[in-house]
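A.B. asks: Before anything else, here's the structure in question.
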Amino acid sequence: MKDYHYTGPVEHRFSPYAFNGGTVLAVAGEDFAIVGSDTRLSEGYSIHTRDSPKCYKLTDTTVIGCSGFHGDCLTLTKIIDARLKMYKHSNNKTMTSGAIAAMLSTILYGRRFFPYYVYNIIGGLDEEGKGAVYSFDPVGSYQRDTYKAGGSASAMLQPLLDNQIGFKNMEGVQHVPLTQEKAVQLVKDVFISAAERDVYTGDALRICVITKEGTKEETVSLRRD
């Protein structure tokens, strides 16, 4: 009879999280805001789908970009959607972008011991009709920005935005206001650059342009390899 050697206890681990890649970005202008994301949903070296945008329209003047674990992205956006409907029925008005950002902060902080693995960026218009961008960490800390990138290619996008929009560490440069046309073109350029270097970013770019007239969407092809 064959002898079996006991090697000791074997530990089996289950992780409740996965990283599904993807990149989100938001830019605020004088009277507009832009939220953009790629559409690739992947895990490791596998692409699950090439058509999964990470921009979710919350109201006519607010869009959220979510990247990280796709399951948590879906759950979180459903919860936000339900809370927005409750607010609308209770107060007979739509929640503002700033109020949505504050609400999201409390939702995330309430789960701080088992956080949603999601990096959120909200783009929209504030009460005065000016562009506003709010960026979050997974446990609810947030701040208002003029521009912000998040997700797998954020380390590539953010320095480019610092240079082109923030004019960081540049001398003798005229700080011209950012027009909507230039902002849209800039978003396209930075995502094309990111798709060249980041394996988790690609396939297509979904751009949501938010103005007082509403939200317009545009899709631009990126490299698919």
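A.B. asks: Multiply the residue gap between Val173 and Leu74 by 0.36 nm, knock off their C-alpha separation, and tell me the result in nm, one decimal place. Don't skip to the answer; put the middle values down first.
C.D. replies: Numbers: separation 99, 0.36 × 99 = 35.64 nm, distance 4.24 nm.
In short, 31.4 nm is gained.
A.B. asks: Work through the residues other than Arg206 whose Cβ is under 9 Å from its Cβ and net out their charges, Lys, Arg +1 and Asp, Glu -1.
C.D. replies: Details: positive: Lys54; negative: Asp38, Glu217, Glu218.
Net charge in that neighbourhood comes out at -2.
A.B. asks: Given H placed 1.01 Å from N in the peptide plane, which residues other than close sequence neighbours of Ala204 have an amide H under 5 Å from its amide H?
C.D. replies: Result for Ala204 returns Thr39, Arg40, Leu222.
A.B. asks: Follow-up. Under the definition of Cα pairs under 8 Å and six or more residues apart, what whole-number percent is the relative contact order of the chain?
C.D. replies: Computed value for the chain: 27 percent relative contact order.
A.B. asks: Scan [x] 1.15; [y] 1.24; [z] 1.09 for the value of Cα Rg over 2.2 N^0.38 Å calculated from this model and give just the label.
C.D. replies: Label of the calculated value: [x].
A.B. asks: At 222 nm, what value in deg cm²/dmol follows for the chain if DSSP H runs of at least 4 each add -39500 (n - 2.57) and the sum is divided by all its residues, to the nearest 500?
C.D. replies: Values: 4 runs with 64 residues, N = 225.
About -9500 deg cm²/dmol.
A.B. asks: Stretched out fully, how many nm does the piece from Ala18 to Arg197 gain, at 0.36 nm a residue minus the Cα gap?
C.D. replies: Values: separation 179, 0.36 × 179 = 64.44 nm, distance 2.15 nm.
62.3 nm is the gain from fully extending Ala18 to Arg197.
A.B. asks: Under the rule a/c < 1.5 gives rounded, and otherwise a/b versus b/c splits prolate from oblate, where does segment 143-198 land using the Cα gyration tensor?
C.D. replies: Numbers: a/c = 1.67, a/b = 1.50, b/c = 1.11.
Prolate shape, in that a/c is at least 1.5 and a/b is the bigger ratio.
A.B. asks: Give the value in nm², to one decimal: projected area of the alpha carbon convex hull of segment 19-104, averaged over all directions. Intermediate values should be presented prior to the final figure.
C.D. replies: Working: hull surface 24.5 nm².
That works out to 6.1 nm².
A.B. asks: If the chain between Glu181 and Arg50 were fully stretched, how many nm would it gain, using 0.36 nm times the residue separation less the Cα-Cα distance? Working shown, then result.
C.D. replies: Values: separation 131, 0.36 × 131 = 47.16 nm, distance 2.68 nm.
Computed gain between Glu181 and Arg50 is 44.5 nm.
A.B. asks: Another question, then. Given the options Thr96, Thr211, Thr75, state which has the largest fluctuation in a GNM of the chain using a 10 Å cut-off (strictly under) for Cα springs.
C.D. replies: Fluctuation is largest for Thr75.
A.B. asks: Another question, if that's okay. Taking a probe of 1.4 Å, how large is the accessible area per residue of the chain, in Å²? Before the final figure, lay out the partial values.
C.D. replies: Working: 12530 Å² over 225 residues.
Averaged over the residues of the chain, the accessible area is 56 Å².
The values are calculated or read from the model by the stated rules, or taken from the named source; none is laboratory data. These figures come from a predicted structure and were not determined experimentally. Methodologically, a virtual Cβ is constructed for each residue, glycine included, from the backbone with ideal geometry; neighbour enumeration extends over all protein chains shown. In case anyone asks, the SASA skips ligands and DNA or RNA and just uses the protein heavy atoms, side chains included. Shrake-Rupley method; radii C 1.70, N 1.55, O 1.52, S 1.80 Å.
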